[in-house]
Amino acid sequence: MIRPAVLIPSYQCAATIAEVVAAALRHLDVAVVVDDGSTDDTAACARSAGAEVIGHDRNRGRRSHYRKILDTLRIIRAVTLLMWRR
């Protein structure tokens, strides 16, 4: 069975992550926030909104962040990847 999921890259976005997770969960079964070592409450806010959270213990930069996302996609056996960056 395929469970639609979204992986949400994040860094220092405690003020907005809960809203993003809630919007994603209105359309998908699973939201995974990939936190790049935020020092604010990003991870806690994401968890309280219903997301699974994985990430780094410190900020490691964009390349390492995307590598973590791709590794996670392999683990959850994702069949499609759509990346959007603003």
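Just one of the listed residues (VAL30, VAL21) is modelled with pLDDT of 90 or more and touching a strand residue (DSSP E or B) at 6+ places or on another chain (Cβ under 7 Å), namely VAL21. Within segment 49-77, residues that are over 25 Å from GLU19 (Cβ atoms) reach partners that are in a strand (DSSP E or B) and not hydroxyl-bearing (Ser, Thr, Tyr) with beta carbons closer than 8 Å, at six or more positions or on different chains, in the pairs ARG60/ASP36; GLY61/ASP36; SER64/ASP36; SER64/HIS56.
Suppose we filter segment 44-63 for residues that are at pLDDT 95 or above and out of contact with any helix residue (DSSP H, G or I) (no Cβ under 6 Å at 6 or more places or on another chain); how many remain? The qualifying residues number 3.
The values are calculated or read from the model by the stated rules, or taken from the named source; none is laboratory data. On a predicted model such as this, the values are computed, not experimentally measured, just so you know. A quick note on method: Cβ atoms are made from the backbone with ideal geometry, for glycine too, and the neighbour counts reach across all protein chains shown.
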